[in-house]
Amino acid sequence: MSDKPKRPHHVYTLLVEVGRKDGDGLPEHASGAALMCYASGVDEAEAVRETVALMKQAGLAPLDVTGYGSLKDREAEGHDISDEERALMQRARDENSVVVAQTTAFYEDSKAQ
């Protein structure tokens, strides 16, 4: 057993872009998607690693991750954060997990939609 103190976890807002992969569950004609996530971690790098690992485990093909910082970072930058968003962040913290708040599919051309 370790006597090492637990580092506090924060919740980070991440935008994950995914490409296509067989069985990924994205709409048939989509070329990929963007997923807005709230991820718990001791730092943003850990939150990104955990989120990418989870996406791969779920059968998605993560291509890029953009981090928007922790709740405190976003508040300091003046972001307008709704009660619903705060509740999802709290859920990610409570469950030490990744919460996907929104998925937006991408389409190559307007006919496919």
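The values are calculated or read from the model by the stated rules, or taken from the named source; none is laboratory data. Model, not experiment: these values are computed from the prediction. Note that each Cβ is placed from the backbone with ideal geometry, even for glycine, and that neighbours are counted across all protein chains shown.
Answer yes or no: is there a residue in region 45-59 that is at pLDDT below 95 and of a type in the set (G, A, S).
yes
Within region 23-69, restricting attention to residues that are of a type in the set (D, E) and free of Cβ contacts under 8 Å to residues at least 24 places away in the same chain, which residue is nearest to Q90 (Cα to Cα)? Full working, then the answer.
Filtering region 23-69 for residues of a type in the set (D, E) gives 24, 28, 43-44, 46, 50, 64.
With the extra rule that they be free of Cβ contacts under 8 Å to residues at least 24 places away in the same chain, the set shrinks to 28, 46.
Working: E28: 33, E46: 18 Å.
Looking at residues that are of a type in the set (D, E) and free of Cβ contacts under 8 Å to residues at least 24 places away in the same chain, I get E46.
Restrict the check to region 67-74 and report whether at least one residue is in contact with a strand residue (DSSP E or B) (Cβ under 6 Å, 6 or more places away or on another chain), of a type in the set (D, E) and over 14 Å from T104 (Cα atoms).
No - not one qualifying residue is present in region 67-74.
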